[in-house]
Amino acid sequence: MSVAAGGFRRYATYGTATAAGVFTNTVFGFIVAYTYLALWDERPHLGGYDQAQALTFVWVSQSLLAAGSLIGGGFQEELQERIRTGDIAVDLYRPADLQAWWLAADLGRAGFQLLGRGVLPLVAGACAFTLALPSDPLRWLLFLVSVCLGLVVGFAVRYLLGLAAFWLLEGSGVNMMATVVTIFCSGMLLPLTVFPGGFGELVRLLPWAAMLQVPLDVLLGTHTGAGGAVRALGFQAAWALALLGAGRLVQSAATRKVVVQGG
Amino acid sequence: MAEAAAAAGTAAVTREAGAGEAGPGEAGPRGRLWEGLRGYGLIAGMWIRSTMTYRMSFLLATVGNAAITVLDFVAIAVMFSHVDALGGFTLPEIALLYGACSASLGLADLLLGNTERVGTRIRDGSLDTMLVRPVPLLAQVAADRFALRRLGRIVQGLGVLGWAVSVLDVHWTPAKVLLVPVMVVAGAGIFGGVLVAGAAFQFVAGDAAEVQNSFTYGGCTMLQYPPTVFAKELLRGATFVVPLAFVNWLPALYVLGRPDPLGLPGWVAFLSPLVAFAVFLPASLAWRAGVRSYRSTGS
């Protein structure tokens, strides 16, 4: 908990950076919103969304982008750097579990960015366009739970990337490829429901869908009824558990390697 | 290992630049430009050698760099699997806009993109070390961590541009043929001016590096789509305030034989090189003012 608070405070000190980020997310929001307007003008109800829902998708995506580290950034570079320099040996001596420690720090960071970089772009979007934001507080609560699960899935994927540095030593190439996949498969570029055919069905089953597409569908209420919401959150929870478990296995394999390498 | 290579390279740069014929003290404006380019080349070469230490990672990063931009275009292609035209423009027409702006941004990013690190350099005090070296500061900052992987975006942009030119149903005149390469280079100049202005802004605003992304990456995302998609106020801003419309919209509209939504005359399509100069000049003046006002953190 105190690690998470530390992560929150650490990012809260960068005031101008946060303001710059809000500005950037808002500018991108406007640009993408206009292209979606043009697209949904041609094809109303594309991907099962009406125009207001499509615009909501744009603005909420911009709000979640920094929190989920969807276009890069986040902790894995720091973890890789510690592995490369050997500082990781110090972390392994700590009485805290390595994975839990980074998870807490990353959730603290995400929590700050959700508030600091999430609220204002969404407000700007809601002022300039007609959005389909729900008025039901329960839906918002489900959305927040879904966002949290999405953040954990995102963390678990990036933790695996970070640990890859034990074998690759230098992570910028892997990080770049991972960013490509995340942008494409999370729904950041286009809602996954717009992707055609079997390919669309496949990307909706992958863990990246849990990071953005599923929280947005929960907010927009496209999963009808209680069963739909439970299925959506269950999908996210299953991926979170599977990937965190994979992270544990890789971590224990990696720590055996540290001894061999001598740090 | 990379750090060691970097340190060794830095020492080499200092020594060689100091031993040049035109000493830093007596260099005229042409000497300074030559010195700047030479210093830039040396530092960039050093970073290329350092990157090549991890070849596999470099390869992945270059492919990834191209792939990120390819996916941009895949998204447009996915849109076109549902519609025939967007804002009245067909897929090859949008590919022309997309390829030109992607290549321009890639070029500017390769040559000047790392100027955005100046904020970090100011914060950690390492700018001080750069100030005492006999190479112009802008050249050092621009070549700092020179990233050859950014060739990926340029290649990808030129590829899409080539495809667009080959399939477009355009009556090619000499002026139109000439305008395509001019558009790419002048566009890079405009983006480069924005990057230098953004770097200068960091002397005032500290860690606000991300603002310039709105104009470079955000601008490029906007320019990928036809101007007819956007609201008139946004078009006016992109023409008269931050003249991104000259990167590709105005030249491409001329090539495609389409009118400008703001009703500007056709000859403005040829103004891009002038506009690039007009952006670069105040940007470099702002940079100089920024360097003059610089107060070290003392750390």
Each residue of B:46-58 has, on average, a number of other protein chain C-beta atoms within 10 Å of its C-beta equal to 2
Is region A:201-261 best put as rounded, prolate or oblate by its Cα gyration tensor, with a ≥ b ≥ c the root eigenvalues, rounded for a/c under 1.5, and otherwise prolate when a/b is larger than b/c, oblate when not? prolate
In deg cm²/dmol, rounded to the nearest 500, the helical mean residue ellipticity at 222 nm of chain A, built from -39500 (n - 2.57) for every DSSP H run of length 4 or more, is -24500 deg cm²/dmol
Kindly provide the helix-only [θ] at 222 nm of chain B, computed as the sum of -39,500 (n - 2.57) over DSSP H runs of four or more divided by all residues, to the nearest 500 deg cm²/dmol? -22500 deg cm²/dmol
Sequence-separation-based contact order of chain A, relative, with Cα cut under 8 Å and 6+ spacing, percent: 27 percent
Order B:234-241, B:177-184, A:175-182 from most to least packed using the mean count of other Cβ atoms within 10 Å. A:175-182, B:177-184, B:234-241
What is the average number of partner chain Cβ atoms found within 10 Å of a Cβ in B:73-81? 4
Under a point-charge model restricted to the Cβ atoms of Lys and Arg (+1) and Asp and Glu (-1), what is the dipole moment magnitude of the protein assembly as shown relative to its Cα centre, in debye to the nearest 20? 900 debye
Based on the Cβ-Cβ distance of A:T85 and A:T255, what FRET efficiency does E = 1/(1 + (r/R0)^6) give at R0 = 22 Å, to the nearest 0.05? 0.85
With a ≥ b ≥ c the root eigenvalues of the C-alpha gyration tensor of region A:69-212, is it rounded (a/c under 1.5), prolate (a/b larger than b/c) or oblate? prolate
Calculate one ³J(HN,Hα) per residue across region A:190-204 by plugging θ = phi - 60° into the Karplus curve 6.51 cos²θ - 1.76 cosθ + 1.60, and present them in order as whole Hz with x for glycine and proline. 8, x, 5, 6, 7, 5, x, x, x, 4, x, 4, 5, 5, 6
Karplus-derived 3J(HN,Hα) from phi for region A:53-69 (6.51 cos²θ - 1.76 cosθ + 1.60, θ = phi - 60°), whole Hz, x at Gly and Pro, runs 5, 4, 5, 4, 4, 4, 6, 5, 4, 4, 6, 8, 4, 6, 4, x, 6
Positive end of the charge dipole of the protein assembly as shown (Lys, Arg +1 and Asp, Glu -1 on Cβ, about the Cα centre): tell me which of B:F146, A:Q62, B:F246 has its Cα farthest that way. B:F146
Tell me whether the protein assembly as shown comes out rounded, prolate or oblate; compute the Cα gyration tensor, take square roots of the eigenvalues as a ≥ b ≥ c, and use a/c under 1.5 as the rounded threshold. oblate
Cα lying deepest toward the dipole's positive end in region B:74-140, options B:V135, B:T120, B:L91, charges on Cβ: B:V135
Based on the mean of other Cβ atoms within 10 Å per residue, sort peptides A:49-60, A:68-79, B:30-41 so the most packed one is first. A:49-60, A:68-79, B:30-41
Indicate the residues belonging to region A:160-179 that lose 30 Å² or more of solvent-accessible heavy-atom surface (probe 1.4 Å) upon moving from the chain alone to the assembly of all protein chains, ignoring ligands and nucleic acids. A:E170, A:G173, A:M176, A:M177
Per-residue mean of C-beta atoms belonging to partner chains within 10 Å, peptide A:10-17: 3
If we sort A:103-116, A:81-94 on the protection proxy, mean other Cβ atoms within 10 Å, highest first, what's the order? A:103-116, A:81-94
Mean separation of Cα contacts under 8 Å (6+ apart) over length of chain B, as relative contact order %: 24 percent
Helical segments meeting 20 Å axial Cα length and Kyte-Doolittle 0.0 threshold in chain B (DSSP H): B:2-19, B:55-80, B:91-112, B:151-167, B:174-205, B:272-293
Summing both sides, how much accessible area is buried between B and A? Use a 1.4 Å probe and give Å² to the nearest 100. 3300 Å²
Each residue of region A:81-89 in turn: what ³J(HN,Hα) in whole Hz from Karplus with 6.51, -1.76, 1.60 and θ = phi - 60°, glycine and Pro shown as x? 5, 5, 5, 5, 7, x, 4, 4, 4
May I ask you to derive the FRET efficiency for A:Y14 and A:E201 from their Cβ-Cβ distance with R0 = 45 Å, giving the value to the nearest 0.05? 0.65
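The values are calculated or read from the model by the stated rules, or taken from the named source; none is laboratory data. All figures in this text were calculated on a predicted structure; none of them were measured in a lab. Virtual Cβ from ideal backbone geometry, glycine too; neighbours counted across all protein chains shown. Ligands, DNA and RNA are stripped out before the accessible areas are found, and what is left, the full protein with its side chains, is counted by its heavy atoms. Shrake-Rupley method; radii C 1.70, N 1.55, O 1.52, S 1.80 Å.
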